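Structure, as structure tokens:
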Amino acid sequence: MKAIRVHQFGGPEVLKLEEVPTPKPGEGQVLLRVRAVGVNPYDTYMRAGTYAIKPALPYTPGSDAAGTIEAIGNGVSKVKPGDRVYTQMVTGAYAEYALALEGQVHRLPDNVSFEQGAGVWVPYGTAYHAIHHFAKACAGETVLVHGASGGVGTASVQIARAMGMTVFGTAGSDKGLEVVRREGAHQVFNHTKAGSQEEIMKASGGRGVDVILEMLANVNLGADLKMLALQGRVVVIGSRGDVTITPRDLMSRRASIRAFTLWAAQPSEVAEIHAGLHAGLENGTLRPVVGKQIPLAEAARAHKEILEPGAAGQVVLIP
């Protein structure tokens, strides 16, 4: 089979398409015929060797894939060959076939395409974890989704809107703003324009927002704190460096900063996440937005484009 392999940490050029043996499922494992692969920003950090998880070399990147069960190992009872599933792995998805534990695959509703399914676990799992488990958001509160046009951003907008929150979203392009508006944001703001912070405060009636979901904390966190309402919460989802903040902005608002990685989610939280996502996918409340489809052989291009400004939906590789 064809797979992307990384033999040394570095830039996108270290992603190499190679012929490797097709694996066979062992005890408790399934073999997935991969139809689509989701590309996430953390994939690029892991490839560069700067992520908290550093896999042994060589490795095949990718956690998010969707496809059909090709074969199952002994002891597998929850899925069977032919079942449509999406994955929740750590690495291994950038390939024509991928091995996963039985507990790492989850049924994909028939109304969700494979391309959409490739954008479920990291984007929607992150959004659900942030909103429900860390922000502990409630209906009637106002949430600001920074970088709302990307995979996690659109997922956050859909989840927050469905649970009765007032949703503000930012993006850096007209196309991105249109995606955010279409996916359910009540108001949208271009975060590249001067005065956007003042516009957000005005839209909140001057009180600020209850929750901010922050995708780029090293750029925005200091300004975020000034937009919080009393008892407001910032949930840090992504960051690419250091940042300076003014603690008094938190103190005066009795506010807090919370942060997490999806990989540290507890088993009970993971079970809740998947139950919530399956229900939302099945009833159409959650609709993964596919922004770009790129051939597997061009994974290096995907790794460059996923970090470019103006994201609009999930980047997906097609084996």
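The values are calculated or read from the model by the stated rules, or taken from the named source; none is laboratory data. In this text the structure is predicted, and so the values were computed from the model without any measurement. Note that each Cβ is placed from the backbone with ideal geometry, even for glycine, and that neighbours are counted across all protein chains shown. SASA here: full protein model, heavy atoms, side chains in, ligands and nucleic acids out. Shrake-Rupley method; radii C 1.70, N 1.55, O 1.52, S 1.80 Å.
Determine which member of the set Leu144, Leu177 is closer than 20 Å to Leu228 by Cβ and either charged (D, E, K, R) or open to solvent by less than 30 Å² (accessible area, probe 1.4 Å) (or both). Talk me through it step by step, then tell me what you get.
Values: Leu177 fails: closer than 20 Å to Leu228 by Cβ.
Of the residues listed, the single one that is closer than 20 Å to Leu228 by Cβ and either charged (D, E, K, R) or open to solvent by less than 30 Å² (accessible area, probe 1.4 Å) (or both) is Leu144.
Whether any residue in the stretch 87-97 is without any contact (Cβ under 8 Å) to a residue 60 or more places away in the chain and touching a His at 6+ places or on another chain (Cβ under 7 Å) is what I want to check. Full working, then the answer.
Going through the stretch 87-97, the residues without any contact (Cβ under 8 Å) to a residue 60 or more places away in the chain turn out to be 87, 89, 91-93.
When the remaining residues are screened for being touching a His at 6+ places or on another chain (Cβ under 7 Å), the result is none.
Checked the stretch 87-97: no residue is without any contact (Cβ under 8 Å) to a residue 60 or more places away in the chain and touching a His at 6+ places or on another chain (Cβ under 7 Å).
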Complete set of residues in the stretch 1-31 that are open to solvent by less than 60 Å² (accessible area, probe 1.4 Å), touching a His at 6+ places or on another chain (Cβ under 9 Å) and either closer than 20 Å to Glu115 by Cα or assigned to a strand (DSSP E or B) (or both)
Leu15
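With the requirement that a residue be of a type in the set (S, T, N, Q) and either farther than 20 Å from Gly238 by Cα or assigned to a helix (DSSP H, G or I) (or both), what does the stretch 139-170 give you?
Matches in the stretch 139-170: Thr142, Thr154, Ser156, Gln158, Thr166.
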Expected single match for modelled with pLDDT of 95 or more, loosely packed, with under 12 Cβ neighbours inside 10 Å and among the basic types (Lys, Arg) among Arg233, Arg253, Arg248, Arg258 is Arg248
Do we find that Gly75 is open to solvent by 10 Å² or more (accessible area, probe 1.4 Å) and either at pLDDT 95 or above or hydrophobic (A, V, I, L, M, F, W, C) (or both) in this structure?
yes
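Among the residues of the stretch 32-39, is there at least one that is farther than 18 Å from Glu298 by Cβ, buried (at least 22 other Cβ atoms within 10 Å of the Cβ), at pLDDT 95 or above and touching a strand residue (DSSP E or B) at 6+ places or on another chain (Cβ under 8 Å)? Lay out the reasoning, then the answer.
In the first step, residues of the stretch 32-39 are kept if they are farther than 18 Å from Glu298 by Cβ; the result is 32-33.
Right, trim to buried (at least 22 other Cβ atoms within 10 Å of the Cβ) and you get 32.
Remaining after also requiring at pLDDT 95 or above: 32.
Applying the additional criterion that residues be touching a strand residue (DSSP E or B) at 6+ places or on another chain (Cβ under 8 Å) yields 32.
Within the stretch 32-39, one or more residues are farther than 18 Å from Glu298 by Cβ, buried (at least 22 other Cβ atoms within 10 Å of the Cβ), at pLDDT 95 or above and touching a strand residue (DSSP E or B) at 6+ places or on another chain (Cβ under 8 Å).
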Condition first: under 30 Å from Thr285 (Cβ atoms), assigned to a strand (DSSP E or B) and among the basic types (Lys, Arg). Can you find one or more residues in the stretch 68-89 that meet it?
yes
Return the residue satisfying two criteria in turn: it lies in the stretch 287-301 and is more than 10 Å from Val316 (Cα to Cα) and in a helix (DSSP H, G or I), and of such residues it is farthest from the chain's Cα centre (by Cα).
Ala297
